[in-house]
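The values are calculated or read from the model by the stated rules, or taken from the named source; none is laboratory data. Computed from a prediction, not measured in an experiment: that's the story for all the values here. Quick reminder, even Gly has a Cβ in these numbers, built from the backbone with ideal geometry, and neighbours come from all protein chains shown.
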Amino acid sequence: MAGSLQDQLLKAGLVDKKKAKKAERDKQIQAKAKRQGEDVVDEAKQLAEKAKLEKLAKDKALNAESKAQADKKAIAAQIKQLIQMNALNLEGAEVRYNFTDGKKVKYLNVTDLAQHQLSRGILAIAKLGDQYHVIPAVVADKVSQRDNSYIIYQADITADQIEEDDPYADYQIPDDLMW
């Protein structure tokens with residue numbers, strides 16, 4: 001072999017003498033610093049560490065996102081179970097109860113008792129998929145705590161209290177009034 005790699009690069013004309021001397025000086029400075037116990041800065045190690053930290057941050061964000069999606073699915077499953085297990089069976093009911101879903105007026109056939117309880121806030125109407133279910137107000141409150149968008153209608157219980165300044169206080173609305 002003919003000399004070091006540096007000599008071979010000089011002979012080939014790929015490196016000039018200035019660059020060769022600078023590389024040799026840098027090498028000596030690093031060796032001296034290492035002997036003196038100073039931390040030699042290694043750019044490759046820094047880049048690798050930086051990439052590792054970025055990957056950890058990215059993985060953490062992805063894990064948080066997937067956990068949020070899993071939590072959302074779990075809450076939706078809980079709501080579905082609450083509504084299905086507590087929905088009243090209204091088969092054969094003949095009283096039509098009107099309510100609004102967004103800007104549309106919808107109706108359900110309910111019993112006389114269910115109509116009375118819906119108007120008093122004892123029962124509520126929940127929407128699961130395309131179907132409407134009548135559920136107790138206690139269950140509706142549990143569903144509302146998880147996601148309020150499932151509860152379509154629940155009468156305001158405080159609406160029965162009459163305000164002192166109400167000019168129509170003497171004119172009570174009948175319970176059986178259908179709109």
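Structure notes:
To keep it simple, each residue is scored yes or no on (1) part of a helix (DSSP H, G or I); (2) modelled with pLDDT of 90 or more; (3) outside the structural domain of L9 (by TED's automatic domain parsing); (4) in contact with a Pro (Cβ under 6 Å, 6 or more places away or on another chain).
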site: K21; (1), (2), (3), (4): yes, no, no, no
site: R25; (1), (2), (3), (4): yes, no, no, no
site: A48; (1), (2), (3), (4): yes, no, yes, no
site: E54; (1), (2), (3), (4): yes, yes, yes, no
site: Q69; (1), (2), (3), (4): yes, yes, yes, no
site: A77; (1), (2), (3), (4): yes, yes, yes, no
site: L88; (1), (2), (3), (4): no, no, yes, no
site: A93; (1), (2), (3), (4): no, no, yes, no
site: Q117; (1), (2), (3), (4): yes, no, yes, no
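- Among the residues of segment 134-153, those that are crowded, with 20+ Cβ neighbours inside 10 Å and more than 21 Å from K72 (Cα to Cα) comprise V134, I135, Y153.
- Some residue of segment 5-21 being within 30 Å of I125 (Cβ to Cβ), surrounded by 10 or more Cβ atoms within 10 Å (Cβ to Cβ), more than 21 Å from the chain's Cα centre (by Cα) and aliphatic (A, V, I, L, M): no
- Pairs where the first residue, in segment 97-116, is basic (K, R) and the second is modelled with pLDDT of 90 or more and surrounded by 11 or more Cβ atoms within 10 Å (Cβ to Cβ), C-beta under 7 Å, 6+ apart: K106/Y132
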